[in-house]
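Okay, structure first, notes after.
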Amino acid sequence: MVNKKNNIIITAIAGILSLFMVVYMSCSKANKDMTVCKNVVCRNGGHCNDSSKCVCPVGFEDTVCGTSTVGKYVANWGVVQKIIGSDSTQYIYRDSLKNDTTYSVSLKTTATPTTFYITNFNNNPYYSNVVCTLDSINSYHFTIDTISPFQMIYYSYQVLKGSGDLNKTKDTINASFITRHKNHTTNWEVDTVTLQMVKHNY
C-alpha cells in the first residue's frame, strides 16, 4: 500500500516537473525571440525571425524591407527581340536575322508592389500596359499576364504565355513568350520569341 502511494506521488511529481519544463522552455523561447527582435523594425509587412533579420514579403527587399523590388527597374529599356522557333514551314526559309527587331520599352509601377507594366510590348502601341507579376517564391522571376483576352490580342496577334527574369545587377532583363498570329499567307503561325533588354543610361 505504501509502495503504491509512493508510486502515485512520484508520478505526480514527475508530471508537475514536465509541465514546468514545457512552460519554462516556451517562456525562454519567447524571451529569446523578443530579445533578438526588439530593436529590429521591419517595414511593408515584413517580420523579424530568430536570427534578427527581416523576412520580406514579395515585392520588397533589403535589411528592413524598405526597398521596392520593382522600383529598381523602372526605366527605359532597349530591346532586341528574336524569333527562335516557329511551327510555320515558311519560317525555315526566311533569314532569321531579318526577323530580329530592336525597339524601346518602359517599365512602370502599378498600384501593387508585386506587379509592373511594360509599355510598347512587342513594339506595339496597343500593348502599352502589359502587366507582369513577380513570382511568390523567386521575386526576380515574373510572368506576363495573358489571362485577359482583351489585353493580349490585337489585329490577329495574340501572346499565349510568357515569363522572364530581372537581373540582380539591375541592368538587364531576359524574357520569352509564345505568340499566335496570322502571317502573310493568312494562316495562323505560332512563334517562340525572346526579349533581351538592356537599361538605357539616359
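Before moving on, here are some points about what is shown:
- Residue in the range 141-151 that is within 14 Å of the chain's Cα centre (by Cα), within 30 Å of PHE60 (Cβ to Cβ) and assigned to a loop (DSSP other than H, G, I, E, B) present: yes
- Filtered residue count, the range 144-175, keeping only those that are at pLDDT 90 or above and crowded, with 17+ Cβ neighbours inside 10 Å: 6
- Of all residues making up the range 163-181, the number that are farther than 19 Å from THR146 by Cα and acidic (Asp, Glu): 1
Here is a yes/no grid of residues against (1) in a strand (DSSP E or B); (2) among the basic types (Lys, Arg):
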residue: TYR127; (1), (2): no, no
residue: LYS168; (1), (2): no, yes
residue: PHE177; (1), (2): yes, no
residue: THR185; (1), (2): no, no
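- Members of the range 20-50 that are modelled with pLDDT of 80 or more and more than 25 Å from THR109 (Cα to Cα): CYS37, LYS38, ASN39, VAL40, VAL41, CYS48, ASN49
- The criterion of being within 21 Å of the chain's Cα centre (by Cα) and at pLDDT below 95 holds for PHE121.
The values are calculated or read from the model by the stated rules, or taken from the named source; none is laboratory data. Please read these numbers as outputs of a predicted model, since none were measured by experiment. Positions of Cβ are generated from backbone atoms using ideal geometry, with glycine treated the same way; all protein chains shown enter the neighbour counts.
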